[in-house]
1. Only Cα pairs under 8 Å and at least 6 apart count here; give the relative contact order of region 12-141 as a rounded whole percent.
2. Assign one of three labels to region 674-736, namely rounded, prolate or oblate, based on the Cα gyration tensor with a ≥ b ≥ c the square roots of its eigenvalues; rounded applies when a/c is under 1.5, prolate when it is not and a/b is larger than b/c, and oblate otherwise.
3. Return the tail of the calculated pair distribution for region 259-319, meaning the percent of Cα-Cα pairs more than 18 Å apart.
4. Tell me what the chain gives for mean residue ellipticity at 222 nm when only DSSP H runs of n ≥ 4 count, each as -39,500 (n - 2.57), the sum divided by the residue total, rounded to 500 deg cm²/dmol.
5. How much FRET efficiency would the formula 1/(1 + (r/R0)^6) give for Leu395 and Leu230, where r is the Cβ-Cβ distance and R0 is 45 Å, rounded to 0.05?
6. Using the Kirkwood radius over Cα pairs, work out the Stokes-Einstein diffusion coefficient for region 412-551 at 25 °C and 0.890 mPa s, in µm²/s as a whole number.
7. Ratio of region 169-254's C-alpha Rg to 2.2 N^0.38 Å, to two decimals?
8. What is the distance in Å between the Cα centroid of region 141-174 and that of region 36-101?
Amino acid sequence: MVKDTNKHLILIFAIFIFAFLYRFLLMTHGTFPSGPDIGLHNSVIYSIINQGGNVDFLYNYYQMGGGLSLTFPGYHIFVAHIMLLTGMTEYLVHAIIASLFSSILVLVSYLITRAVWKESAAMTVALLMAISRFDVDMLIWGGYPNVTTLWLIPLTFYLYLQKNRFTKTPFYISTSLLISSIFLSHSLSSVVFVSILFSVIIFGLIFNKKIGTTRNEMLNWLLPIISGALIVLPYLIQIVPAYLTNTTNSEISRATAATRILPLNIILPIFVIVGFYFLLSKKHHKQYFNIPTILFALWILVPAVFTQGHLIGLYTDFYRFLYFILLPIIVLIGLFIDFSSEFLTNMINKYHTLTNQLNNTVKTTEQVTHKRLSNLSNKLHKKLTKTNLHTGFLLSFLLICFLFIPVFLHPNVGLEAQKYYQEMNTPLYQSMQWVKANTPDDATFLTEASYGWWLAGFAQRPTWSALEPQFLSLSREVPIAQTATNILDTDYLFESSFKHSGEILNIQIREDGGYMARHNPQIFACLNWTYTPYSFFNFNSNQTKILYEVNGTPKSVALDKLHVIDMHMENDTQHVTVSITRGNEYFTCTQFTTVYQGSKFVNITILFEAMAENVSLSWMQTLLDVNASPMGSEKPVTIGFLAKSVDVFGQVIFNKNIPEVNSRSYDIEDTCVYLDYNLGGKQHAETQISLTAYSVVYDGIHALYHNNTAVNDFINKQIDVNLEPENRDNIPLPTPFNYQTELKVNEINYIAITRYYEKDSNAAMKLKFVNDPLFNLVFINPEVAIFKVS
């Protein structure tokens, strides 16, 4: 018995070491730990360290520009002490501690499975946890506090289930400290843990006789929760009200609803598999219901129910709840592997016993042959002992899980995941060191999401990161993230609200300005049923050519090649206008893009002025990209379009100087419209068009799609109505975005553009910062360019 115990201890220790090395090597495969969240954690740590004596755990000096922080600091306090004691490189400390905490989960899973079931099943579960996909996945993207609570929670449950092995004082002290650690480390984990525990207590109070306990015993389970909360009560008094009043935001909720809701085909099977726990309990414990079985069942059910919180208006990253379900599901898989191996082992042993009995009763002339077969069978039987058979089946099933069940992670997939989440490399890290050494401590940076989190944490500079709303947690972060996103994406963004079919709709305009040839402008239809607006029309200044003559000699120039003379936005309660004046030594071209209060139209007016009498303006040729198909009757002054995939109607109206129009459709909803304006050889010329795009789903267009004639009639009616004088609604204009104003008001000092030399869709945006005199290049390497805002 002692030898077996020692073997088990050596084996479980070997599994733990394997799990730690596997995780640590995976985290440091790219030198720097993968994922952006490590930057958040480092910013929390330095916000704690730099405050000195009286620490405000609700304030982060660097993340999202600095301000209120609701990141629970338990993990960060621990790591801060290790950093100060050892002096090791910050990211290396994170990698070691996070790998260690993730590996401890392997030990805890072994303990709790052995306590409820048996040794062989516990060892199987430990092996499965060592290669669990979601546990490693969380480690790779940087959810270190959640990794911490993922072993604290089952360890606490283990102590609850082993309560009778302790005297009262050690039990209450240990569980209280563990629970207070959970409360101090991770908000979502605290909610899930308390909900599971309360559910078990309520179930026990109602069905105490059925599951073999007493009501007093179940009420005693509350005491560690109360004492654990009292230990960290000063922090809870601060964080709970702040959390409740600063995490509700419509933008975050809409983005979460669009991107982070779990489909039912993932959740429904989870509810079904809970029943297997009761069947296994009947086999092993001789009863369907007992406290351990109820705990494991609710351990799955409670997080699974939380994934549907959006049904009652509660929003968070619902995918995060799957991490809490992982351990009890792996325990279930481990139990099935162990019981199946035991069943098959017993079947073979029974077969072998029956075979021996038959061999002993055979009395024939072929006794010699039977004797030889019997000797061979005996030799084989000595090798295939019950222990060896059971071990062989266990290893076989484990190999099958390892290779074919996506819950588990083999090294190649682990490396692919690590590469997917890898955000940091040597040039990027060197850029942060440059920032730390060469910029003021209070300089505010603006950059993209992942690099921004690293920059805030490792350079310790207030940083605005262009993060999508579904990955935000605080209301204060939404305008910061949106401003950062807008500045990195465009120069001007504005909208107009109007009524159509009883609904308030929005049309959105993005203008990249004179230094970037991409969206000049781009027009979107904002849809009430989705978070993402639909890009309908787009002009590109490098696809607009002006033809002119100097002393009778023909010349031409693309619009984006003209020098930017002036660029600004004007806005009041009645209108928003972006004015861009470009020119050369021969002429100037001024484009006005305007929306009016309550109007569904975007008005684009272009004025040409010759700079000398020997200059005459001939033609303007431009291309309009439309993500829709031409629809309706042909008319010289207008074109109608329909994007059936999103039920959006669009229209172009030529107000002044009707052009020659040619269109070509490359796909169902991909049309190029070529517009050739005759400027008449004059020294002054003007063009003007109006564009609109809006949802017609409320007009019942779905019912017409089976009838092309009815669809055309519908489109013609929309076209004719829009050609009539517009009755504008008295709806306030949404606040416009002006990059010049935002940089000044928010005192942004530096902008960092990553992957500077890559030839991707952001190439034009990079040129914008190079060409715009508002920005000065102060640092550049193969991965990042840093511009100082003048």
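Values in this text are rule-based calculations from the coordinates and carry no lab data. Computed from a prediction, not measured in an experiment: that's the story for all the values here. Don't worry about glycine lacking a Cβ; one is built from the backbone with ideal geometry, like all the others, and counts go over all protein chains shown.
1. Relative contact order for region 12-141 comes out at 35 percent.
2. Here region 674-736 falls in the oblate category.
3. 43
4. Result for the chain, helices only: -16000 deg cm²/dmol.
5. 0.40
6. In µm²/s, the coefficient rounds to 132.
7. Region 169-254 yields a ratio of 1.32.
8. That distance is 23 Å.
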